[in-house]
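The values are calculated or read from the model by the stated rules, or taken from the named source; none is laboratory data. What you see is a predicted model, and the numbers here were worked out from it, not measured in a lab. Positions of Cβ are backbone-derived with ideal geometry, glycine not excepted, and every protein chain shown enters the neighbour counts. Just so you know, the surface numbers come from the protein's heavy atoms only, side chains and all, with ligands and any DNA or RNA stripped out. Shrake-Rupley method; radii C 1.70, N 1.55, O 1.52, S 1.80 Å.
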Amino acid sequence: MRFGLKRKIIFSILGAGALPLILGMVIAYFQGTTELERVIGGNFQALAGETARSIDLVLSGEIARRQRIASNESVIAALTARNARYRKLERTAIERLLSEEAARWRSGERSLSGPQIGPAQEVLKRFAKTAGLSERPGSHATLHTLFLTDEEGALLVSLHSDRFPAYRHADQEWWQRAYGHGKGQTHIGTVAFDDAFGSYVFTLAIPVLDESRQRVLGVLQSVFDAKEFFRPAIHPIRFGQTGHVMLIDSRGTVINCPILPTGVRVNDTALIRSVTAEEPGWVKAAGDGHGGQAASIIGFAPLPETSATTRASTGLLWHTFAWQSSQELFAPTHSLLLWVASAGLLAMGLLGSIGYYAAHRIVTPIRHLQEGAARIGRGELTEPLTIRTGDEIERLADEFNTMNERLKSAFSNLEEKVAAKTAEVRALKEYNEKILNSLPDSVVILKQDRTIEYINAEATKVLQSQPASILGHSLFDLLSVDQPTQRQLEWEFDHAQLTTASRLDPWEEPRLMQSRDPLAPTSGGTAEDIRRDIRIGARAFGHRFFRVSSGNGATRIGLALREVTSERQLQDQLIQAEKLAGMGTLTAGIAHEINNPLFVIMGLAEAVAEEDSPGATKAFAKDIVKYARHMSSLIKNFARYATPGSAENIRSVDVTQALADALKMARLAHMSDDLTVHTDYAPLPPILARPEEIQQVCHNIIVNAIQAMNGRGALRLSTDHVNGWVRLRIADTGPGIPKAFLGKIFDPFFTTKEPGKGTGLGLNIVYQIVTKYGGTIAVDSEEGKGTTFTVRWPAESHA
C-alpha cells in the first residue's frame, strides 16, 4: 500500500507529537504505579504487623491466665491427691482402674470424685465465667470446653458448653506434647474441625507443675472456637470495600478471615510461600489468595510470640496478611490514566488538524508539478506552469518551465537522429557478422543456461547443422565428444562464469614463467590460453572459453575452436624423431645393463648342469628367473618408450610410475657414479593421457637436467596433489639458465649445446605434450643455483 505525500506529512506530524506524549504517559503511569505499589505494600505490611502483635497479645493473655490457674494451690492439691493413688499400683492395675472409670464415664455417669476436687472445680468455674464459656447448648461460645487431667491423662475436672470431653487423653498429641515426658511445655494445636462441637477449633494446653516447679502433675486443656476467638481482632479491620486482614498458618489453612471460611486451604502454593516468610514484608503476587488470579499487593507478618509456641507444638507458624482487590486498589490510577489518555487524544486531534492544513499547503502545488511533469513526458505541456508560493516550490516550477523549453528544442530533430543511429547499428551488426563468418575458427556464443545464442559459419560446419536448428539448444547436446571431454568442457564453462576475463592462473609459484605455444600467436601467457585438445569425430581442435559483456549488462560465454589436426600429427612426428635421436645412446646403455644379468644367467645355467642336489638346482633356477624378469622389464620399458602411441591409447596414467620409469631409462643412457638422486613421491590420483607421452615429458626433463650438471650433482624428483591438480617437480644443481634464454627454452630448435649435441626439440616437445592434456609448465632458475621444472595436469576426476 502506497501513501501519498499529504498522508506522509500528516503522519509525520502526528508521530512527532504523539511519540513524546505516549512515551511520557507510559513512563508516568509505570513510575506512578511502581511508587504507589511501594507505598501500599508498606502500609499493608505495617497493618499486618500491627494485627499480628494484637493477636499475639490476646493469645499471650490467655496463656498467662491459664498459667495462673495451673499455679493455683487448689488445682495443685487436687492433682497431687489424684496422682497419689497411682503410686502404690502396678502399671496393669493402673490401666484396669482407668479403663473402669472411663467405662462408667461413657455410660453416662458424669460425676467426678476424689480428694480436693471441689476447690479445684470452683477455681475453674470462676475462670470460665470470665473466659466466655457458655453452658447453653448451641451457643456461639468462644471457649467450648475447659478441663483438667492428671499425670495419666485421666479427666479430673471438666467444664463444658454443650459437649462432654473424653475421659482419657494420654494418647492425644496435645496431651503428650504438653506433658512433655514430665517436663511440660505450652501447646497450641492446629486448627481442625471438631465433630463434637460442629466447628473449627484450636486447643491450648498448659502443663500444671508441682510446687517445686520440677515435675508435671497434669494438663489444663482449653478448646476454642477458632472463628469466634479471633473475630474481635480480625473482623473490625476493614478498608474500602474489599480490604481486610486474615490469619493463616504456614500450610495455607485459613484460621480466620472475613471472607473465606475458617479451615479452608489456600491452594496457591507460590503465594503461600511468599506470605509465610519469617520476617514481615509485602509482595506483588499473581493471585489474591481468595480464588482470584488478578495481581494483588499483600502485606504480611508472622505472630512472633505465638509462632514460637506453634513451631514447637506443631511445626507450623501463624501469619497475618492484609489484602485489597487490585481493581479497587488501582482504581484512582486507572481513572488518572483515562483522563491523561483523553487529553492525549485531544492533543493528537489538534496535531492532526494542523498537519492536514500544512500538508494541504505543501502538497497542492507539488501535485501541479507532478501533473506538469506527466504532460512533459507525453509532450502535451504547451502552457508554462504557474505556481505562486514564494518558496522553493515556486522556483522548482520555474526550473520545470525552463526544462520544458530545452526539451522541445532538443527533441525537434530526435527522430532523424534515432533513425540514423539505428541504421548505423544495423550496418555494424552486419559488418561484425561478416567478419565472424569469414574467420577460419569456429565461434559459439552461449547463454548462462548453456544454450546457443550465436554461431558463425565455420561452427555450423563443425556441428554439421544449420543455424536455425542449433540456436536455443544446448551446446553439449550437439557436440560429438566422449564423456570425459564433455565433463571437462562443462567444468571450463562453469569456471568461466565464476571468474573475470582478466584473472591469472590460480596456481602460481615464485618466479612463475607462464609457457606459451611458439607456433601460435601469443596471448599474454594467462590461463585463458587455448586449453587441451578436444576431438570431434576424427578431427582435433584447440579451444578456449571467454567472457562477453553485452550492452545491457548481461554476460555471455564464448567458445573458440581452432582445428589443430595437422599440427598434432606433426607434433607426434617430432616426438618420435626426438626419441629416435637418442635411441643410439639408450641402446648402448640397455646393452650394458642386460650384459651383466646375462653373464649371471649363463653361470647359473652351467651350475645347474653340474649340480646333483635338487635343492641347490631349485635355488639356481629361482635366481635365473629373477634375472630374466629383470631383463624382460628393461626390454619392455625400452619398447614402450620407442613405440609411437595412438590417439585411442588415452587412459588413466599414474604420474609417479611414469616418472620412476623415465628415471630408469635416463640412467641407462647417462650412467654416472657422481649423480645422486633424491625422490619424494606422494600418493596421486591418475590423469587422462597417453602413458608413453607422459613418460617422454619426464624423460626429456630428467635428461636435460643430467646434461646440465654434466652427470655430477644432485637430482630431486617429487610429486604431490594440490586442489585437483597432479604436480611433479624435477630440480637439479646445475649452473642454471641465464635470464636472456629463460623465455626461449620452449622454442623449437633452440639449444645452448655445441653443434651436433642437441636437436633443440626436447623441451619444445615437453611443452607440446604438457599443454596437449590441459597442463602447464613453469621454470624457476637462477644462474649458479640450479633449475626447477614444475609440471601439473588436472586429475582425472577434474578432467
* Name every residue in the stretch 242-296 that is farther than 23 Å from Thr306 by Cα and in contact with a Gly (Cβ under 6 Å, 6 or more places away or on another chain), in order of residue number. => Asp268, Gln293
* Identify the single condition in (1) open to solvent by less than 40 Å² (accessible area, probe 1.4 Å); (2) more than 23 Å from Leu247 (Cα to Cα) that Phe300 does not satisfy, given that it satisfies every other one. => (2)
* To do: Would you mention how many residues in the stretch 683-742 are in a strand (DSSP E or B) and among the charged types (D, E, K, R)?
  => 5
* **Filtered residues of the stretch 185-223 (kept if assigned to a strand (DSSP E or B), open to solvent by 50 Å² or more (accessible area, probe 1.4 Å) and either in contact with a helix residue (DSSP H, G or I) (Cβ under 7 Å, 6 or more places away or on another chain) or not assigned by TED's automatic domain parsing to the domain that holds Ala322 (or both))** => Tyr200
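Conditions (1) assigned to a helix (DSSP H, G or I); (2) of a type in the set (Asp, Glu); (3) modelled with pLDDT of 90 or more, marked per residue:
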residue	(1), (2), (3)
Thr759	no, no, no
Ile765	yes, no, no
Thr771	yes, no, no
Gly774	no, no, no
Val779	no, no, yes
Gly784	no, no, no
Phe789	no, no, yes
Arg792	no, no, yes
Ser797	yes, no, no
* Within the stretch 71-105, how many residues are free of Cβ contacts under 8 Å to residues at least 40 places away in the same chain and assigned to a loop (DSSP other than H, G, I, E, B)? -> 5
* To do: Run down Leu385, Leu317 and say which single residue is open to solvent by less than 50 Å² (accessible area, probe 1.4 Å), at pLDDT 75 or above and either within 30 Å of Gly281 (Cβ to Cβ) or in contact with a Phe, Trp or Tyr (Cβ under 7 Å, 6 or more places away or on another chain) (or both).
  => Leu317
* Inspect all residues belonging to the stretch 169-184 and state whether any of them is part of a strand (DSSP E or B) and assigned by TED's automatic domain parsing to the domain that holds Ile94. => no
* Name the pairs whose Cβ atoms lie under 6 Å apart, with the first residue in the stretch 35-46 and farther than 17 Å from Ala301 by Cβ, the second assigned to a helix (DSSP H, G or I), and 6 or more positions between them or separate chains? -> none
* **Failed item in (1) closer than 30 Å to Ala46 by Cβ; (2) in contact (Cβ under 8 Å) with a residue 12 or more places away in the chain, with Thr145 passing the rest** => (1)
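Residue by residue, here is whether (1) of a type in the set (Val, Ile, Thr); (2) at pLDDT below 90; (3) touching an Asp or Glu at 6+ places or on another chain (Cβ under 8 Å); (4) over 28 Å from Ser212 (Cα atoms) holds:
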{"residue": "Arg68", "(1), (2), (3), (4)": "no, no, no, no"}
{"residue": "Ile76", "(1), (2), (3), (4)": "yes, no, yes, no"}
{"residue": "Arg96", "(1), (2), (3), (4)": "no, no, no, yes"}
{"residue": "Ala102", "(1), (2), (3), (4)": "no, yes, no, yes"}
{"residue": "Ser111", "(1), (2), (3), (4)": "no, yes, no, yes"}
{"residue": "Pro115", "(1), (2), (3), (4)": "no, yes, no, no"}
* Inside the stretch 463-477, can you point out the residues that are touching a residue at least 24 places away in the same chain (Cβ under 8 Å) and more than 23 Å from Lys429 (Cβ to Cβ)? -> Ser474, Phe476
* Taking Arg68 and the conditions (1) open to solvent by 70 Å² or more (accessible area, probe 1.4 Å); (2) within 60 Å of the chain's Cα centre (by Cα); (3) more than 30 Å from Pro280 (Cβ to Cβ); (4) without any contact (Cβ under 8 Å) to a residue 40 or more places away in the chain, which numbered condition does it fall short on, given that it satisfies the others? -> (2)
* Residue, nearest to the chain's Cα centre (by Cα), within the stretch 142-179, restricted to residues that are farther than 21 Å from Ser99 by Cβ and open to solvent by less than 20 Å² (accessible area, probe 1.4 Å) -> Ala178
* **Flag for Gly61 being free of Cβ contacts under 8 Å to residues at least 40 places away in the same chain and not basic (Lys, Arg)** => yes
* Asked: Assuming Arg426 fulfils every condition listed in (1) open to solvent by 100 Å² or more (accessible area, probe 1.4 Å); (2) modelled with pLDDT of 85 or more; (3) closer than 21 Å to Val564 by Cα apart from one, which condition is it?
  -> (3)
* Assuming Gly42 fulfils every condition listed in (1) assigned by TED's automatic domain parsing to the domain that holds His319; (2) open to solvent by less than 50 Å² (accessible area, probe 1.4 Å); (3) within 30 Å of Ile248 (Cβ to Cβ) apart from one, which condition is it? -> (1)
* **Yes/no for Ala93 being open to solvent by 20 Å² or more (accessible area, probe 1.4 Å) and under 60 Å from the mean Cα position of the chain (by Cα)** => no
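Here is a yes/no grid of residues against (1) at pLDDT below 70; (2) charged (D, E, K, R); (3) open to solvent by 50 Å² or more (accessible area, probe 1.4 Å); (4) not assigned by TED's automatic domain parsing to the domain that holds Ala708:
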{"residue": "Met602", "(1), (2), (3), (4)": "no, no, yes, no"}
{"residue": "Phe620", "(1), (2), (3), (4)": "no, no, yes, no"}
{"residue": "Asp623", "(1), (2), (3), (4)": "no, yes, yes, no"}
{"residue": "Ser632", "(1), (2), (3), (4)": "no, no, no, no"}
{"residue": "Ser646", "(1), (2), (3), (4)": "yes, no, yes, no"}
{"residue": "Val655", "(1), (2), (3), (4)": "no, no, no, no"}
* Residue tally, condition touching a strand residue (DSSP E or B) at 6+ places or on another chain (Cβ under 7 Å) and farther than 12 Å from Leu124 by Cβ, over the stretch 142-154 -> 7
* Could you list, in sequence order, the residues of the stretch 714-735 that are at positive phi and open to solvent by less than 20 Å² (accessible area, probe 1.4 Å)? -> Gly724
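When only residues in the stretch 224-252 that are open to solvent by 10 Å² or more (accessible area, probe 1.4 Å) and either assigned to a strand (DSSP E or B) or of a type in the set (A, V, I, L, M) (or both) count, which is nearest to Asp56 (Cα to Cα)?
Across the stretch 224-252, the extreme among qualifying residues is Ala233.
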* If you go through the stretch 295-308 one residue at a time, do you hit one that is in a loop (DSSP other than H, G, I, E, B) and modelled with pLDDT under 90? -> yes
